[in-house]
Amino acid sequence: MTKYVISGGKPLHGEVEISGAKNAAVAILPAALLVDGVCRIENVPNISDVTLILGIMKDLGAHVRMINRTTVELDCSTVHKQNVPYELARQIRASYYLIGSLLGRFGRAEVPPPGGCDLGVRPIDQHLKGFSAMGAEIQVENGFIYAVAPKGRLQGAPVYLDVVSVGATMNIMLAAALADGLTILENAAKEPHIVDLANFLNSMGADIMGAGTDVIKIRGVKKLHGGSYSIIPDQIEAGTYMTAVAAAGGEVRINNIIPKHLDCITAKLVEMGVEIEEDGDSLVVRRHGKLTRTNVKTMPYPGFPTDMQPQIAAVLCLAEGTSILTEGIWDNRYRYVDEFRRMGAKIQVDGKVAVIEGVGHLTGAPVCACDLRAGAAMIVAGLAANGITEIDQIHYVERGYENIVEKLSKLGADIQEKNIPEEDWRTSAG
Ligand code: EPU
């Protein structure tokens, strides 16, 4: 069993480089299916979700060539099938972007419903509604979603999203990029990765306007051409390091970021007594004094991101006073709370609301990463806690954080990835 073992209570100091954004990469890589020519994509994060997407692209027949650790070249002219095997798709949420890309390019897609973190019910009805509005016939049968454009090509159409969905916004953009005519997508999500996908597609010849606002207009073009594109830095990875400094104390310069994307996180940490200075494409995050309570509610961008909810909860556990944390996106994103309680946290959850009574300090414990961001939160808590924290199920963390052990070690954290035999684990877990 591989675990992270953290000896906590050491302030962090130094500089950390943020990698490319996971949730942009997992849409931009499948978007290469729409392109006639070679796409060179830079600043690709080296994480397991990207490896899985590239594996699926290879299985479809794409030529995938790693130029270096963060640059990949994709040539999809050799793609010869439009069906994604269940075994590959079920491991990753973002496999749904293959429906929009395959349908947009080839007029058909057979993709199993997506996997990914268990955050409660995760429907994709809005994606399918968008494809249907564009003329696709959709059937869900035998564990697969079958989508076909009867005329071989989708038709642009007005689409109104009933819920603000990141995935549906990006998937409909993918499907509409090569459709006949104009698609007007209303009540669209506005996350930075939506703008990044639009910028990628536009740089390959698409005609997309309004990404980053709640109305996106996509005028279908006949074809997209190859080119180079660099993915934006990961807002959530940067936010996670910000909360790590807030929790453990110290002073860290976080490089290769877009400060604007972090305003929602910066605002909350500043309210809690963390000092944050912007310096070009870096932020200097400093925490020496006590943390004070605050309330946080997760919302679509530019609100506080749900993908930072468990990490900010770790910081709130250490603050003076009682904080109210409200989850505004997912039904079930508090599964990690029992793990925090093992570290001495005082948290009561009622539906989407968590009441967190600050305890000043946490104590190390054996805990489990029950999903990607919950795993990151366990690391944040472990860095601040007195004593040893052993984190199980770290494959979740590896889905979205590049070299997290190496990056934190460089900041002075005592964190190691250890292979612990089952028997020793039982003994140490008591
Ligand atoms: N929803 C529907 N119908 C749909 C789509 C969504 O009802 O067709 C609901 C969901 O149930 C949820 C809300 O709308 O309550 C928002 O879901 P959204 O579609 O925005 O989420 P997603 O696209 O499935 C992406 C990220 C998540 C992140 C959310 C919200 C990827 C691969 N995943 O998921 O990231 O939490 O947006 O920002 O981009 C993570 O990185 O840890 C992660 C879970």
Output the residues belonging to segment 375-413 that are buried (at least 21 other Cβ atoms within 10 Å of the Cβ) and of a type in the set (S, T, N, Q).
389
Hits in segment 75-101 (condition: more than 17 Å from residue 148 (Cα to Cα) and part of a strand (DSSP E or B)):
75
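Residue by residue, here is whether (1) more than 22 Å from residue 57 (Cβ to Cβ); (2) more than 8 Å from the ligand (Cβ to nearest atom); (3) polar (S, T, N, Q) holds:
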position	(1), (2), (3)
165	yes, no, yes
168	no, no, no
174	no, yes, no
181	yes, yes, no
Mind checking which residues of segment 132-163 are away from the ligand (no atom under 16 Å from the Cβ) and of a type in the set (Phe, Trp, Tyr)?
144, 146
Please determine whether any residue of segment 285-293 is within 16 Å of the ligand (Cβ to nearest atom), of a type outside the set (Asp, Glu) and surrounded by 20 or more Cβ atoms within 10 Å (Cβ to Cβ).
no
Condition (residue is under 24 Å from the mean Cα position of the chain (by Cα) and within 16 Å of the ligand (Cβ to nearest atom)) applied to segment 34-43: is it met by at least one residue?
no
Which residue, of 257, 265, is within 25 Å of residue 369 (Cβ to Cβ) and in a loop (DSSP other than H, G, I, E, B)?
257
Residue 383 part of a helix (DSSP H, G or I), over 27 Å from residue 50 (Cβ atoms) and either within 16 Å of the ligand (Cβ to nearest atom) or under 24 Å from the mean Cα position of the chain (by Cα) (or both)
no
Which of the residues that make up segment 243-257 are within 21 Å of residue 232 (Cα to Cα) and out of contact with any strand residue (DSSP E or B) (no Cβ under 6 Å at 6 or more places or on another chain)?
243
Residue match in segment 53-74 (condition: touching a strand residue (DSSP E or B) at 6+ places or on another chain (Cβ under 7 Å), away from the ligand (no atom under 16 Å from the Cβ) and part of a loop (DSSP other than H, G, I, E, B))
yes
For the condition modelled with pLDDT of 95 or more and of a type outside the set (Lys, Arg), what is the one hit in 100, 116, 120?
100
Criterion first (assigned to a helix (DSSP H, G or I), within 16 Å of the ligand (Cβ to nearest atom) and crowded, with 17+ Cβ neighbours inside 10 Å) does residue 188 satisfy it?
no
Hey, could you check segment 8-29 for residues that are near the ligand (Cβ under 10 Å from one of its atoms) and of a type in the set (A, V, I, L, M) and say which is farthest from residue 253 (Cα to Cα)?
27
Qualifying position, being outside any helix (DSSP H, G or I), at pLDDT 95 or above and within 23 Å of the chain's Cα centre (by Cα), among 349, 252
252
In segment 200-209, which residues are surrounded by 20 or more Cβ atoms within 10 Å (Cβ to Cβ) and part of a helix (DSSP H, G or I)?
200, 201
When you scan segment 119-131, how many residues do you find that are assigned to a helix (DSSP H, G or I) and either within 7 Å of the ligand (Cβ to nearest atom) or of a type in the set (Val, Ile, Thr) (or both)?
3
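The values are calculated or read from the model by the stated rules, or taken from the named source; none is laboratory data. It should be emphasised that the depicted structure is a prediction, and the values quoted were computed from it without experimental measurement. Virtual Cβ from ideal backbone geometry, glycine too; neighbours counted across all protein chains shown.
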